[in-house]
Number of protein chains: 2
Amino acid sequence: MGRELRGVEIVAIGDELLSGATLDSNAATIAGRLESLGLRVLRKTTVPDAEAQIEEAVRSALARSGAVITTGGLGPTRDDVTRAAVAGVFGRGLEFREDLWRALEARWTRLGRIPETNRVQAEVPAGAEVFPNRRGTAPGLAVEDDSLGLCVMLPGPPHEMEAILSEQVVPYLEGRTGVRGRRSFRRTLRTVGIAESAIAERLGNRLDDLPLDVAHLPEIDGNDIRMTAWAADESDAAAALDEAVSRLRELLGVHVYGEGEADLAQVVGDLLRGRGLKVGVAESCTAGLIGKRLTESPGSSDYFWGGMIVYDDRAKVELLGVLEQTLQRHGAVSEQVAREMAVGVCRRSGAETAIAVTGIAGPAGGSEDKPVGTVWLAVMVREVAVTERRFYPGTRDMVRARAAQGGLDLLRRTLLEELR
Amino acid sequence: MGRELRGVEIVAIGDELLSGATLDSNAATIAGRLESLGLRVLRKTTVPDAEAQIEEAVRSALARSGAVITTGGLGPTRDDVTRAAVAGVFGRGLEFREDLWRALEARWTRLGRIPETNRVQAEVPAGAEVFPNRRGTAPGLAVEDDSLGLCVMLPGPPHEMEAILSEQVVPYLEGRTGVRGRRSFRRTLRTVGIAESAIAERLGNRLDDLPLDVAHLPEIDGNDIRMTAWAADESDAAAALDEAVSRLRELLGVHVYGEGEADLAQVVGDLLRGRGLKVGVAESCTAGLIGKRLTESPGSSDYFWGGMIVYDDRAKVELLGVLEQTLQRHGAVSEQVAREMAVGVCRRSGAETAIAVTGIAGPAGGSEDKPVGTVWLAVMVREVAVTERRFYPGTRDMVRARAAQGGLDLLRRTLLEELR
């Protein structure tokens with residue numbers, strides 16, 4: 001029974017979602033679960049705990065899409081009005097369900113006497129399908145008719161919502177999806193050192209002939225490119241995705257450092273581990289951030305030796321042997337100092353490679369010659385030093401995050417270059 | 001000019017928000033900022049990157065509420081269609097703005113040649129108000145007319161959105177709000193080193209007589225207590241809030257390290273600056289995290305000297321002079337090694353104070369005697385060493401974050417103690 005579904009809208013209900021007190025994670029959970037059915041979330045509307053607004057939002061969503069999942073507003077308090085609103089949309093009354101009331105009472109026996117206020121939770125739109133809630137008191141509900149479509153109501157607390165959705169609603173919807181089988185398959189490429197617009201320019205229309213969607217996802221320290229293909233099974237999607245990835249890798253070259261959730265520090269760690277090398281760090285403006293990132297995953301002691309945080313210029317001299325005269329002649333943010341820092345780490349440690357960073361994170365300290373955001377990077381790989389000057393826009397935090405990423409990337413590129 | 005506003009709707013734009021790939025935090029930020037103006041968020045609609053759908057959603061929202069803020073879809077790529085959609089709603093064309101183009105070019109000069117694809121970012125609905133974006137390329141925009149109302153467009157990346165909103169849009173909307181009446185006033189106390197349940201036990205019902213709401217907000221590295229009073233103006237709220245803060249400070253003592261957005265590293269920095277002291281760090285399991293935190297605010301060179309990341313045991317010996325025999329007899333995670341690390345930093349630096357941390361962040365490396373989460377902290381203040389053993393539960397990331405916070409807090413308490 002029921003119509004064939006192609007997608008659903010979500011109506012999220014709750015004052016706290018609009019006041020900013022609660023971040024709504026339910027929609028993302030629903031999108032993930034429905035994806036396996038080949039169903040997309042077409043739109044999401046967030047409304048307050050107000051019956052008229054819920055009614056209007058559900059009505060409009062059904063008119064557009066024929067299927068709605070609501071979250072929230074199923075509790076026992078006076079501001080829980082979803083049941084009444086949806087009954088209104090479908091022109092049905094609320095009916096008291098003895099079986100639901102007994103189940104609620106049984107649940108409460110363990111906790112104490114059931115409050116009369118909970119009685120409303122046994123009142124559901126006439127003829128509704130009920131999905132029991134093993135993690136809480138509010139059951140999920142579904143109402144459907146041929147002209148309006150399907151409305152599934154789920155409770156707001158994420159762990160209750162998630163259990164009912166996965167265990168009962170997904171099976172309930174299975175086999176009703178018209179995209180019988182079409183699911184989404186994704187691949188994401190991660191890039192560093194190239195602007196979003198430069199990526200767009202290199203891409204042009206070069207992926208337009210492939211049956212997939214391309215999304216540009218800017219991050220603070222790089223840009224991700226996500227491709228989504230819809231297909232009956234993985235092998236159908238794989239051809240288009242593989243082709244897209246191979247074109248992108250050719251167009252973007254060394255800027256691509258990984259796929260999916262790849263972390264640049266981990267990529268660098270794996271390169272070092274594969275070559276049996278250790279790295280030491282000499283950090284001025286990043287002040288420990290690169291060390292922190294290189295040690296985020298267990299097992300990093302295979303390739304991370306340690307390093308020096310040389311924030312003060314005295315520390316650069318005393319810990320790393322940077323020459324006083326180099327500091328005086330070129331300034332702390334200079335190619336020469338970056339190189340001497342990298343050389344100093346390798347000399348004073350058991351590490352064969354090094355990353356050194358010195359820059360002006362701001363907001364003060366900039367000059368016309370060296371504005372805030374100017375960073376010198378240096379790496380050493382087996383006694384060869386490589387340096388780069390970079391300019392990173394943004395706040396102090398952003399400059400530091402980008403400088404750390406830049407230092408890691410310079411070591412990555414140098415190690416890859418060495419291999420060739 | 002313009003109508004009086006009572007609330008706004010948000011239209012959030014982006015495929016990634018519906019697919020579940022990105023959790024939308026922008027709406028919560030907007031709700032928080034608008035609250036200070038007495039404006040509520042009335043509804044939020046999330047739509048994909050599709051011009052017709054954006055147009056319809058903005059049109060409906062304006063019809064209901066007369067004011068809309070959109071987020072997303074202002075970038076340079078082809079799926080960024082917000083400008084065109086909103087121009088369509090207001091029946092205006094897009095106009096190329098020479099001044100915007102020049103500003104974009106100037107921004108790019110430092111980074112390289114500007115790609116032609118960015119040209120669309122200088123095309124805005126005719127007559128739009130422009131809010132420059134100092135953190136990115138897409139400016140915020142506003143379009144208004146007497147019959148439809150006001151539409152403000154903001155970029156999707158949260159750090160860009162937030163800067164434009166706080167610095168430009170809030171002042172732009174000020175004086176146009178019509179909620180005469182009650183606003184919320186808040187104060188938040190930040191604690192460290194005391195569990196949420198211990199706070200609840202100390203509090204008991206001791207704030208129940210005050211006309212305010214108390215919320216417990218657990219953070220990874222401490223617990224916040226937020227009090228909210230609703231009143232017509234600040235002085236009405238202040239009495240209750242002041243009283244609550246003073247009771248809490250008495251009940252929680254030294255565990256309270258600050259209010260509002262206070263950062264423990266900044267609190268420590270201010271104590272050091274006030275005493276004319278510098279600090280050096282010796283980090284094993286935190287591997288740079290304490291250094292990073294102490295340098296998050298500008299001016300930290302007043303009190304931060306630098307330090308050593310001694311992840312590898314060889315680094316502890318070579319950089320800090322920890323004795324081989326101490327490592328062998330007591331292990332790297334021990335009171336003795338923590339103390340020798342702290343002593344080593346002070347000896348090898350110009351710093352009068354030090355923080356040293358050595359611990360087992362996991363997931364591997366634990367034993368019955370020293371399970372994962374065991375951390376030894378040591379601080380030096382003018383030649384006196386203080387040590388503490390701590391056990392921090394949680395994942396690797398959480399143990400490291402808590403260990404960094406613990407080290408900072410031990411220095412704070414030692415400095416305060418010294419003063420008495």
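Every number in this text was worked out from the coordinates using simple rules, so none of it is lab data. Fair warning: this is a prediction, and the values are worked out from it, not measured in the lab. Cβ placement follows ideal geometry from the backbone for every residue including glycine, while neighbour counts extend to all protein chains displayed.
Label points for B:His159 are taken 7 Å from Cα along Cα→Cβ. From this copy to the others they lie 3.4 nm apart, shortest first. Considering every alpha-carbon pair of chain A, the percent of pairs per 10 Å bin, from zero through the bin containing the longest distance, is 4, 18, 20, 16, 15, 14, 9, 3, 0. Note on the stretch B:7-173: dipole from Cβ charges, positive end direction compared against B:Pro48, B:Trp108, B:Val152; the farthest Cα belongs to B:Trp108. With N as its number of residues, the protein assembly as shown has a Cα radius of gyration that, divided by 2.2 N^0.38 Å, comes to 1.02. Using C-alpha pairs below 8 Å separated by at least 6 residues, the relative contact order for chain A is 11 percent. Note on chain B: antiparallel DSSP beta bridges, both residues inside, total approximately 60 percent of the bridges counted.
Considering only alpha-carbon pairs that sit under 8 angstrom and 6 or more positions apart, the relative contact order computed for the stretch B:183-259 is 46 percent.
Averaged over peptide A:315-322, the number of partner chain Cβ atoms lying within 10 Å of each residue's Cβ comes to 3. Packing, taken as the mean count of other beta carbons within 10 Å per residue, orders the peptides A:6-12, B:23-29 from highest to lowest as A:6-12, B:23-29. Karplus-based coupling profile of the stretch B:212-227, in residue order and whole Hz: 7, 9, 10, 10, 9, 10, x, 10, 4, 10, x, 10, 9, 10, 10, 10, with θ = phi - 60° in 6.51 cos²θ - 1.76 cosθ + 1.60 and x standing for Gly or Pro. Dipole check for the stretch B:264-419: with +1 at the C-beta of Lys and Arg, -1 at the C-beta of Asp and Glu, and the Cα centre as origin, the magnitude is about 160 Debye. To the nearest 10 degrees, how steeply does helix A:234-252 sit against the main Cα axis of chain A, on a 0 to 90 scale? Approximately 30 degrees, to the nearest ten. What residue among B:Leu416, B:Gly306, B:Gly394 has its Cα farthest toward the positive end of the dipole of the stretch B:270-417, where the charges are +1 on Lys, Arg and -1 on Asp, Glu, each on the Cβ? Working it through, the farthest residue towards the positive pole turns out to be B:Leu416. Per-residue shielding of B:10-18, expressed as the average number of other chain Cβ atoms within 10 Å of the residue Cβ, stands at 4.
Considering the options A:Ala315, A:Gln336, A:Gly288, tell which one lies farthest towards the positive end of the dipole of the stretch A:264-419, charges being +1 on Lys and Arg and -1 on Asp and Glu at the Cβ, about the Cα centre. Highest projection toward the positive end goes to A:Gly288.
About the centre of its Cα atoms, chain A shows a dipole size close to 820 debye [charges on the beta carbon of Lys, Arg (+1) and Asp, Glu (-1) only; nearest 20 debye]. Count charges around B:Ala404 for me, please; just the other residues with Cβ under 10 Å from its Cβ, Lys/Arg as +1, Asp/Glu as -1. Here the count lands on +2. Dividing the helix sum by the residues of chain B, where each DSSP H run of 4 or more adds -39500 (n - 2.57), gives a mean residue ellipticity at 222 nm of -11000 deg cm²/dmol.
Inter-part distance, the stretch A:313-366 to the stretch B:257-316, computed on C-alpha centroids, equals 19 Å. Along the stretch A:291-300 the Karplus relation, 6.51 cos²θ - 1.76 cosθ + 1.60 evaluated at θ = phi - 60°, assigns HN-Hα couplings of x, 4, 5, 5, 10, 5, 9, x, x, 5 Hz to successive residues, with x for each Gly and Pro.
When A:Ser25 is represented by a point 7 angstrom out along its Cα-to-C-beta vector, the spacings to that point in the other copies are 1.3 nm, nearest first. Compared with the dominant Cα axis of chain B, that is its longest principal axis, helix B:396-419 is turned about 70°. Neighbours of A:Gly93 by Cβ distance under 15 Å: Lys/Arg scored +1, Asp/Glu scored -1, total -2. In this assembly of identical copies, the label point of B:Ser197 (Cα plus 7 Å along Cα-to-Cβ) is separated from its counterparts by 5.6 nm, sorted shortest first.
Using Cβ point charges alone (K and R +1, D and E -1), the dipole size of the protein assembly as shown about the Cα centre works out to roughly 1520 debye. Rounded to the nearest whole Hz, the Karplus-based 3J(HN,Hα) values (6.51 cos²θ - 1.76 cosθ + 1.60, θ = phi - 60°) of the stretch A:8-15 follow the sequence 10, 9, 10, 10, 9, 10, x, 3, with x at glycine and proline.
Over all directions, the average projected area of the alpha-carbon convex hull for the stretch B:183-259 comes to how many nm²? The directionally averaged projection comes out at 4.7 nm². Measuring from label point to label point, each 7 Å out along Cα→Cβ, what is the A:Glu167 to A:Arg347 span in nm? Result for the modelled spin labels: 6.6 nm. Full extension of the chain segment joining A:Asp79 with A:Arg206 gains 40.5 nm, where the gain is 0.36 nm per residue of separation less the Cα-Cα distance.
With K and R counted +1 and D and E -1, the other residues having a Cβ less than 11 Å from that of A:Arg135 yield a net charge of -1. Give the angle, between 0 and 90 degrees and rounded to the nearest 10, that separates the Cα long axis of helix B:98-109 from the longest principal axis of the Cα atoms of chain B. Taking the Cα atoms of chain B, the angle to B:98-109 is about 30 degrees. Compared with the direct C-alpha span, the chain from A:Arg389 to A:Arg119 gains 90.3 nm at full extension, assuming 0.36 nm per residue.
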